[in-house]
Every structure is written in structure tokens, then in C-alpha cells.
Amino acid sequence: MRNDSDKGGEESGREPARKPDLGLVSGSADPHAGESALAREFAQRALAPIIADLRARSGRLDPARVAAAVGMTVPQLAECLELPEDALRSAPPSPELETMLEPFAMVIGIVRDVFGGDDKRVRAWLRTPRPELDGAAPLETMCVPSGIQRVITFVLGAWLGNAD
């Protein structure tokens, strides 16, 4: 995909600029996990510094830190993810749990970026009903089947400046 600002990109030997594949928001698999490797890589690279504090020493996302960042307790996050609480308290977190936490970290990172890292504003935004989510709060929507994908679609679209 090219746009007018990419003119001359091929002559310089560089790939023309393109938007990331937003296949992450397709919602075709586990509603708590992203599907697109390109979107996951984009999110990891762009948001890694913003969500570094959500990671444990092992390098994996820490469920307790993710829960706190969205204004939940670990038991509430376990209920949201439909997992036993013990699964969130295991150290280090399993790769499956990491996959389930990645979309939450993506939302946290994007909203943190928008609010300049102000975690109070992030938590307040996550609890505020949004017309784009049929009047539900993003945090509420993230805990229903396919809800995390709707929230990712909304915040990623807004973050990238997409009106569609």
C-alpha cells in the first residue's frame, strides 16, 4: 500500500512506508489474543518502552502489574480472562498467559502514550463509558468475549489516526 508521501521511496532503495497490517483486530481466534504476527511485532516495537514496567524479571508480562495498570486486582483479572487465579500467580507466567495478556498490554501502552504516561488518566479512561463501544467502558468491554478486539480496534484506530 502506497500513499503520496511515499514517492521516491523505491529510488532510495528503501521500502515505501506502509501502515501496519491490522489483522490483530480480526477477532477470528481466541478473543483474548492477537492473530497478526505483523501487528504484534508493530505493537511490541512501538509500545515496548511504554509498557516495560509491566514485565517481570523473566521478561514476560506480569499479571499483577497488568491488573494494577488497568485498575483491577489479580482475582478480577483472572475472572476477566476466565482463568483460575492460580494461573495468574504462577511464576514465571506461562507462554499461553503471556499471549492472553499481550492485548491488554497493547491497550495500556496505547492509552498511556495518548495520556503521556499518566496512569490515573489511563485508569479513568478505561472506566469511562464510550459511545464507540455501545456506551460501555473499555475495561468492561475488554472482559467479554471478543471485547478486547473491539477495544483494540478502537484505540489502535484512534492512535493511528484512522477514521474508518
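Examine the stretch 139-149 for a residue that is part of a helix (DSSP H, G or I), touching a residue at least 60 places away in the same chain (Cβ under 8 Å), more than 24 Å from Pro49 (Cα to Cα) and in contact with a helix residue (DSSP H, G or I) (Cβ under 6 Å, 6 or more places away or on another chain), and state whether such a residue exists. There is at least one residue in the stretch 139-149 that is part of a helix (DSSP H, G or I), touching a residue at least 60 places away in the same chain (Cβ under 8 Å), more than 24 Å from Pro49 (Cα to Cα) and in contact with a helix residue (DSSP H, G or I) (Cβ under 6 Å, 6 or more places away or on another chain). Here is the figure for the stretch 89-111: residues that are aliphatic (A, V, I, L, M), surrounded by fewer than 22 Cβ atoms within 10 Å (Cβ to Cβ) and part of a helix (DSSP H, G or I) total 1.
Condition check for Leu83 on (1) of a type in the set (A, V, I, L, M); (2) over 22 Å from Ala48 (Cα atoms); (3) in a helix (DSSP H, G or I): one failure, at (3). Within the stretch 120-138, the only residue that satisfies the criterion of being surrounded by 15 or more Cβ atoms within 10 Å (Cβ to Cβ), without any contact (Cβ under 8 Å) to a residue 40 or more places away in the chain and of a type in the set (Lys, Arg) is Arg130.
Values quoted throughout were computed directly from the atomic coordinates according to the rules given, and no laboratory measurement underlies them. Quick caveat: nothing in here was measured; it's all calculated off a predicted structure. No Cβ is skipped: glycine too gets one built from the backbone with ideal geometry, and neighbour counts run over all protein chains shown.
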